[in-house]
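The values are calculated or read from the model by the stated rules, or taken from the named source; none is laboratory data. Just so it is clear, the model here is predicted, and its values are computed rather than measured. As a convention, Cβ positions derive from the backbone with ideal geometry for all residues, glycine included, and neighbour counts pool all protein chains shown. For the accessible areas, the whole protein counts, side chains as well, though only heavy atoms, and no ligand, DNA or RNA atoms are used. Shrake-Rupley method; radii C 1.70, N 1.55, O 1.52, S 1.80 Å.
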Amino acid sequence: QVQLVECGGGLVQPGGSLRLSCAASDIMVSRYAMGWYRQAPGKQRELVAQIIRDGSTNYHDSVKGRFTISRHNFKNTVYLQMNSLNPEDTAVYYCHTAPSGVWVWGQGTQVTVSS
């Protein structure tokens, strides 16, 4: 059974940085598109960043130039480096993949940006 386990969230001041990790089991992260979504209170879940099989990446306009998605094939882990964080980035962040069309989510990790 595919599982995704996130960690790395927390409380950070505006302008600060965090790195989220998503450890995958029962799939190889290099073989599937892997994404980070976020959901703020009262808002819909939105795609923040995605890395696809050939290593190319896509980003939500609001995070371009600040966030970087990457993967470590040996560790079978996907990362989201988040820099220059602002209060609008506050949300629960979820790791996602869809092997063979079946959507799989991690449990989520809270990111709070506040002074």
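Within the range 4-20, does at least one residue satisfy the condition of being over 19 Å from residue 101 (Cβ atoms), touching a residue at least 12 places away in the same chain (Cβ under 8 Å), part of a loop (DSSP other than H, G, I, E, B) and open to solvent by 80 Å² or more (accessible area, probe 1.4 Å)?
Within the range 4-20, the subset over 19 Å from residue 101 (Cβ atoms) is 5-20.
Okay, now just the ones that are also touching a residue at least 12 places away in the same chain (Cβ under 8 Å), so 5-20.
If we keep only those that are part of a loop (DSSP other than H, G, I, E, B) too, we end up with 8-9, 13-17.
Still in the list and also open to solvent by 80 Å² or more (accessible area, probe 1.4 Å): 13.
Looking through the range 4-20, at least one residue is over 19 Å from residue 101 (Cβ atoms), touching a residue at least 12 places away in the same chain (Cβ under 8 Å), part of a loop (DSSP other than H, G, I, E, B) and open to solvent by 80 Å² or more (accessible area, probe 1.4 Å).
Among 47, 11, which is the only one that is at pLDDT 95 or above and over 11 Å from the mean Cα position of the chain (by Cα)?
Details: 47 fails: over 11 Å from the mean Cα position of the chain (by Cα).
The conditions single out 11.
Select from the range 73-84 the residues that are over 14 Å from residue 18 (Cβ atoms), open to solvent by 60 Å² or more (accessible area, probe 1.4 Å) and touching a residue at least 40 places away in the same chain (Cβ under 8 Å) and list them in ascending order. Quick ask: steps written out before the conclusion?
Just the residues of the range 73-84 that are over 14 Å from residue 18 (Cβ atoms), to begin with: 73-78.
Checking the rest, the ones that are also open to solvent by 60 Å² or more (accessible area, probe 1.4 Å) come to 73-75.
Listed by number, the residues that qualify are 73, 75.
Specify the residue that is modelled with the lowest pLDDT; the eligible residues are those in the range 85-108 that are part of a loop (DSSP other than H, G, I, E, B) and open to solvent by 70 Å² or more (accessible area, probe 1.4 Å). Please lay out each step first, then the result.
Kept after step one, since they are part of a loop (DSSP other than H, G, I, E, B), are these residues of the range 85-108: 85-86, 90, 98, 102-103, 106-108.
Cutting the leftovers down to open to solvent by 70 Å² or more (accessible area, probe 1.4 Å) gives us 102-103, 107.
Values: 102: 89, 103: 93, 107: 96.
So, considering only residues that are part of a loop (DSSP other than H, G, I, E, B) and open to solvent by 70 Å² or more (accessible area, probe 1.4 Å), the one modelled with the lowest pLDDT is 102.
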>> Among the listed residues 63, 78, identify the single one that is within 14 Å of residue 38 (Cα to Cα) and among the hydrophobic types (A, V, I, L, M, F, W, C).
In response: 63
